[in-house]
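Reading through the structure tokens given below for one structure.
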Amino acid sequence: MNVIMRAVVILVAGISVSGCVSMREAARGFFGVSTRVLEENKSQALSGVWKASPESIAPKIETILSDIGAYVYARDARQRLIAVYVSSTDTTPVGIFCEPAGEAATTILVSSPSRFAKEKIFSQIFIGLENPGAFAKKPEQAAVPAGAAR
């Protein structure tokens with residue numbers, strides 16, 4: 001039993017200091033919430049600039065993402081990252097990075113391994129910023145029974 005415990009300790013220590021994958025990132029990958037692929041694809045991200053600070057634009061982007069049915073699975077304030085799946089049924093990861101671009105402006109970078117997902121989310125974010133409420137759910141009209149007076 002003592003030999004097994006030592007082997008496990010040595011194995012865990014070896015993995016954690018090997019540098020190939022941190023334990024935290026390995027756990028994120030195991031649970032399907034890793035943002036590594038989004039960070040790695042950041043150099044091929046679509047980008048646009050919006051006149052607002054990163055702190056004020058992020059909540060607006062999150063509202064747009066919610067309105068279009070994207071599923072936010074991670075947030076990283078240090079990296080200014082919002083990580084989403086395209087929808088609750090399409091788990092293609094997309095990362096939105098909000099980086100300062102001078103005074104009162106933000107560069108919005110949209111990263112994904114999928115070109116389609118990247119382009120879709122990018123265009124919907126900017127449509128939503130230009131037209132607030134463009135994707136907001138409209139209240140359904142009350143159903144009128146057949147034959148009732150209108």
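Dipole orientation for the range 42-134: of the candidates Q124, I82, A104, I82 has the Cα lying most toward the positive pole (charges on Cβ; Lys, Arg +1; Asp, Glu -1).
Amide H to amide H, with H built 1.01 Å from N, L46 comes under 5 Å of V110, counting only residues 5 or more places away or on other chains.
For R80, nonlocal amide neighbours, meaning residues 5 or more places apart or on other chains whose placed amide H falls under 5 Å from its own, do not occur. Would you please classify the overall shape of the range 42-134 from the alpha carbon gyration tensor, given that a ≥ b ≥ c denote the square roots of the eigenvalues, rounded means a/c under 1.5, and beyond that prolate means a/b larger than b/c while oblate covers the rest? Since a/c reaches 1.5 and a/b is larger than b/c, the shape of the range 42-134 is classed as prolate.
Ranking of I82, I96 by neighbouring Cβ atoms within 10 Å, starting from the fewest: I82, I96. A cut-off of 5 Å between modelled amide H atoms, ignoring neighbours fewer than 5 places along the same chain, links A105 with A52.
Each reported figure results from applying straightforward, stated rules to the coordinates on display, with no laboratory input. Predicted model only: the values in this text are computed from it and were never measured. Here Cβ is always computed from backbone atoms with ideal geometry, including for glycine, and neighbour counts include all displayed protein chains.
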